[in-house]
Amino acid sequence: MNTPIVPFLALLTLLSGSCTSKSGGVDGPGPAQTGADAKAPAPKVPALPKGMQRYEGYLEIDPFRYGKAVQAATVHTTDGKRIGIEMRYTAEHLKFVNKRVVVVGGMARSSSDPRAQAYTYFKVHALTLAPGEKPWPTPPTAVPAPPVVHSKAEIDKLPGAWGVAVGTVTYQVDPKSVRPDALTHVIEKAVLTLSDGFKLEKHLWHMTGVDSPDYVNGSTATMVFKYSPSWKDHPFSIMKFCHGEFPRCGQVKQPAILTLGHLVSGDYAVKERTKDLGRLRLISGKTLFVPAPKAAPSATVKKRFPFFTKHRGTYTVAWLRGIVPGHDVNTMAKNQMLARITLDGTHTFLLRMGQKGDTLEFHSTKGELQTWSVSRAFGRLPMITRKNH
């Protein structure tokens, strides 16, 4: 449905003139002038051809595609009209994106679908910058991100419909997924609170570990929304959600950051000197030990860890001062002490970065000849499967 944007010669005088109706739509003759003004009448502006309309407003392009690959170009007038000029934008529209424009054209088609009534679909005959608007020094090659907002007042000042809200998030867990022995639960909804207390909500239905570092109440999050003030009951359409502050949310893939919180959960290799004793899995406060075939730990090592006699157990992690689970592991120093980890409530160890910075290791809290090792390489250990479980 790409509509070419062609100069409309008969309207050049009108587009460059100053005759703009306050309500948008068809321009009519102004009031009669009297006194000194009557001596210098305004130049006569040709009337618009039958069926043509002229609008001035802010041209916005949807930040990403959604239903039926729609990524529309829309002109927002100052009196609240939304003139849909193209369902799927073209490179030509990028020359005018986020600029005040004048668009002249006529109705492309009508629809009885009530979902389409909020839009006026245009067949564009001419599209130019509005008087006084400066062009892009270099037109963008991609759709710019919507403005970032932190309050409802900033939302109300948006020139278009799209915005990127950044605030503090609270997660609501689906009560049906909560069980005492569950390793996972379902995040039902995220509630984003802006700086002035205004709230935005989005249903997620994300299944995650009970202690996942990605879903922490009070952390920062981002929501991309479309705002339609005239839709009184549901003015906000929340389109995208991202963890942290990410202005390009929904437009580009958010980079994955391996944090300490991610790293703690997973499988650890358990060894005595060079002898493989098995794998210890930590997930959501629960431990599971899978011994290696013919594993035979010494009496000293067997006494040191509770999982040799009881394969299932619990663990807790207490981060040391200045360390938070959201820290990027790449910012940690080699051999840096990170946290205390306690197995089954009685056996406490330190967690530290490895000598090469690519492992997480248990470290003794007391003076002893440490012939054992419990370490996790970053994503290199085979996961425990149902077969060897």
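Taking 19 Å as the straight-line reach from the Cα of Lys232, the lysines in range (excluding those fewer than 8 positions away in the same chain) are Lys81, Lys152, Lys157, Lys199, Lys202. The alpha carbon radius of gyration of region 238-334, expressed as a multiple of 2.2 N^0.38 Å, is 1.48. Pairs of Cα atoms in region 271-382 fall into 5 Å distance bins, from 0 up to the last occupied one, in shares of 2, 11, 21, 26, 22, 13, 5, 1, 0 percent.
Expressed as a whole percent, the proportion of Cα-Cα pairs in region 148-243 lying more than 15 Å apart is 61%.
Here Lys176 is the anchor, and the lysines within straight C-alpha reach of less than 18 Å, apart from those fewer than 8 places off in the same chain, are Lys189. Label separation (Ser228 vs Thr193): 3.0 nm, computed from points 7 Å beyond Cα along the C-beta direction. About its Cα centre, the dipole of region 148-243 is roughly 280 debye, where the only charges are +1 on Lys and Arg Cβ and -1 on Asp and Glu Cβ.
Of all lysines in the structure, the ones whose alpha carbon falls short of 19 Å from that of Lys95, not counting any fewer than 8 places away in one chain, are Lys123, Lys134. As a calculated quantity, the FRET efficiency between Ser237 and Asn330 at R0 = 35 Å, using C-beta atoms, amounts to about 0.45.
Over all other residues within a Cβ to Cβ distance under 15 Å of Trp319, the charged ones net out to +1, with Lys and Arg as +1 and Asp and Glu as -1. Each of Val173, Val143 was scored by other Cβ atoms within 10 Å of its Cβ. Listed from fewest to most, they are Val173, Val143.
The numbers here are math on the coordinates, done by the rules we state, and not lab data. On a predicted model such as this, the values are computed, not experimentally measured, just so you know. Positions of Cβ are generated from backbone atoms using ideal geometry, with glycine treated the same way; all protein chains shown enter the neighbour counts.
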